[in-house]
Amino acid sequence: MSRVSFLSVQGVSKRFGGLLAVSDASFEVAEGSITGLIGPNGAGKTTLFAIASGFEQPTTGRVIWRGEDITGRPPHRLAQDGLARTFQIVQPFAGLSVRENIAVGAFLRHRRRADAIAVAERVAERVGLSAELDKPAAALTVAGRKRVELAKALATEPKLLLLDEVLAGLNPSEVRDIVPVVRAIRDGGVTVLMIEHVMQAVMNLCETVHVLAQGRIIASGTPHSVVADPAVIEAYLGHGAAKRLSGAAHA
Amino acid sequence: MTPRDLLPIAGFAAAAALLPLFVTAGTWLNFMIFTLIICLAAQGWNILGGFGGQYSFGHAAFFGTAAYGTAILQLRYGVNPYPAFAAGIAAAAAVGWIIGVLAFRSGLRGSYFALVTLAFAEVFRVLANSAEVTGGAAGLLIKLDVRPENFQFESRANFYWIALALVTGALVLTRWLERSRLGAQLVAVRENESAARALGVDALSVKLSAITLSGAVTGAAGGLYAQYFLYLDANIAYGTWISVEALLAPIIGGAGTVFGPVLGGIILHSLAEFTKTLVGRIPGVDLVIFGALLILVVRFPPRDIPGLLKRWRR
Ligand SMILES: Nc1ncnc2c1ncn2[C@@H]1O[C@H](COP(=O)(O)OP(=O)(O)O)[C@@H](O)[C@H]1O
Ligand SMILES: [Mg+2]
């Protein structure tokens, strides 16, 4: 990796009772990159985000960000430091309008209401929510709510953005609309780490992908190299799948 | 906050200030002053409960602390009533902060938080009922000494205007809160605490600010009560009645809105007064009315009323 390591997850494990959700996971995210974190359901991806964003403590291991150990730092402090996340299960402020939802994020760096609202409206424009600003967040479609989730995080003006399946549940045309938005966010100077199942978007956006399966990182590399990796194919399709697939291709 | 934000408040204050020019009967002024005191207590509850979503069942803890503070500083230490009143408010704010630290630090929410606040108020009531400094069960009588510089007035109208000024101050404070960063963060915590924390909101400190402000405003109502009626005992100062009214008024009038507590306070007390004249002084009849009203409001939230009417007409 040519670029300097920005976020570094080092030997992180997380145990929930008898379940080892994350097991000795280590990976790096380069500054200015769009990095993917993929893997089957239940692999521990969301748990890793919860640990990196301060919502959960790892059982063992550390998270280093810009050379600082941030393990266990509370979420609001991390947000102040410039690390923002979205939630896989969207978490809107249901009773508030879209504008007010985004403004909560914008208030982090703007004390005056007028400034926070102005920032919220600019962010809404970037993610294509300008027409929905006055609607209650609860009244939006799935795609709309995903955009609000993205906009709230973006309004905190982060340096590192963790996106947890912001494309899940969107139809192909909605996915096509959001992909350039994510790229524009990165081009605006934000490093992006994204959990994603929509492979079309992963192949399109990510320079590096880490694959998590049963809590372990089983592969890292370019999107094209990891999808061809037999270990990855087996993780998704079951034991022996890689062999069967290559057999089918040869036949 | 822009001048336009303050316009409705100025309009309300001006209209209400004119009332004593038309209503001069002592019983009516008495009613209006008492209603304003309840409105003020409710405005305090609204900051924490309405904006912050932390429902307290024990706002008597703040009301009573300021009421006793105002009375005791005068009676036992000879302090002038105005600084005594200010110190009472400060004490109520401090009690708010302490209850907040104990309850919110340990992550209490919802009905657990409500129960803890109720428990605090009850402990204070029992203590005040037996302690010597609070006059025990006999209560405290503030010496009658009618002089404006002594916070006692010949004319009830003067007291009405002071109560109105405090309610107006609380309206301005609430409007400021609604427009401020603290207010936005408080509402965010009410709507979704995890989401708020992810956006950099220090939920604990936001809730602590809210309960401290809330305690101060409800405390102002308690201090005013002491100074108006010049008598206090534990069941008045720390009684459940004030905890219940402080939370019912905003819920009926619109929790988390600027005018909700005042609207609800007026509705509540007009209804109570009306039933009293209608059916006489049956003990507890106002509680029955309050209960029925609460059920109605919970079943048919006021914001749904336009929709209900539309359905009805069809
Ligand atoms: N708070 C929790 N308590 C107990 N088990 C959990 C908790 N969070 C996640 N898990 C479990 O940890 C595993 C990993 O979950 P998750 O991180 O959500 O996976 P992914 O996001 O990759 O689908 C799952 O088996 C899930 O049931
Ligand atoms: Mg997940």
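The values are calculated or read from the model by the stated rules, or taken from the named source; none is laboratory data. Since we're looking at a predicted model, the values are computed, not measured. Cβ coordinates were reconstructed from backbone atoms using ideal geometry, including for glycine residues, and neighbour counts include every protein chain displayed.
Has the stretch A:133-152 got at least one residue that is loosely packed, with under 15 Cβ neighbours inside 10 Å, away from ligand 2 (no atom under 16 Å from the Cβ), modelled with pLDDT of 95 or more and not β-branched (Val, Ile, Thr)? Scanning the stretch A:133-152, I find at least one residue that is loosely packed, with under 15 Cβ neighbours inside 10 Å, away from ligand 2 (no atom under 16 Å from the Cβ), modelled with pLDDT of 95 or more and not β-branched (Val, Ile, Thr), so the answer is yes. Among the residues of this structure, A:VAL12 counts as one that is under 23 Å from B:SER194 (Cβ atoms), of a type in the set (A, V, I, L, M), assigned by TED's automatic domain parsing to the domain that holds A:GLY188 and more than 10 Å from ligand 1 (Cβ to nearest atom).
Taken as a whole, the stretch A:53-65 holds no residue that is among the hydrophobic types (A, V, I, L, M, F, W, C), within 12 Å of ligand 1 (Cβ to nearest atom), under 24 Å from B:VAL201 (Cα atoms) and touching a Gly at 6+ places or on another chain (Cβ under 9 Å). Scanning for something facing chain B (nearest Cβ under 8 Å) and of a type in the set (Gly, Ala, Ser), does the stretch A:66-74 turn up at least one residue? No, every residue in the stretch A:66-74 fails to be facing chain B (nearest Cβ under 8 Å) and of a type in the set (Gly, Ala, Ser).
Is it the case, given these coordinates, that A:LEU167 is crowded, with 20+ Cβ neighbours inside 10 Å, in contact (Cβ under 8 Å) with a residue 40 or more places away in the chain and either within 16 Å of ligand 2 (Cβ to nearest atom) or in a helix (DSSP H, G or I) (or both)? So A:LEU167 does not fit the description; no. Criterion applied to A:LEU48, A:LEU83 was being more than 12 Å from chain B (Cβ to nearest Cβ) and either surrounded by 24 or more Cβ atoms within 10 Å (Cβ to Cβ) or over 20 Å from the mean Cα position of the chain (by Cα) (or both), and the one residue passing it is A:LEU48.
Scan the stretch A:190-222 for residues that are hydrophobic (A, V, I, L, M, F, W, C) and assigned to a helix (DSSP H, G or I) and the total you get is 5. Please verify whether the stretch A:18-41 includes one or more residues that are assigned to a loop (DSSP other than H, G, I, E, B) and on the phi > 0 side of the Ramachandran plot. Within the stretch A:18-41, one or more residues are assigned to a loop (DSSP other than H, G, I, E, B) and on the phi > 0 side of the Ramachandran plot. Being closer than 25 Å to B:PRO250 by Cα and buried (at least 20 other Cβ atoms within 10 Å of the Cβ) is a description that does not apply to B:THR70.
Among residues of the stretch A:42-53 that are in a helix (DSSP H, G or I), those with a Cβ under 7 angstrom from a residue that is more than 8 Å from ligand 2 (Cβ to nearest atom) and not hydrophobic (A, V, I, L, M, F, W, C), sequence gap 6+ or separate chain, pair up as A:LYS45/A:GLY39; A:THR47/A:LYS14; A:THR47/A:GLU56; A:PHE49/A:ARG85; A:ALA50/A:GLU56; A:ILE51/A:LYS14; A:ILE51/A:PRO58. For the stretch A:86-112, enumerate the residues that are surrounded by fewer than 21 Cβ atoms within 10 Å (Cβ to Cβ), part of a loop (DSSP other than H, G, I, E, B) and away from ligand 1 (no atom under 16 Å from the Cβ). Passing the criteria: A:ALA94, A:GLY95, A:ARG109, A:HIS110, A:ARG111, A:ARG112.
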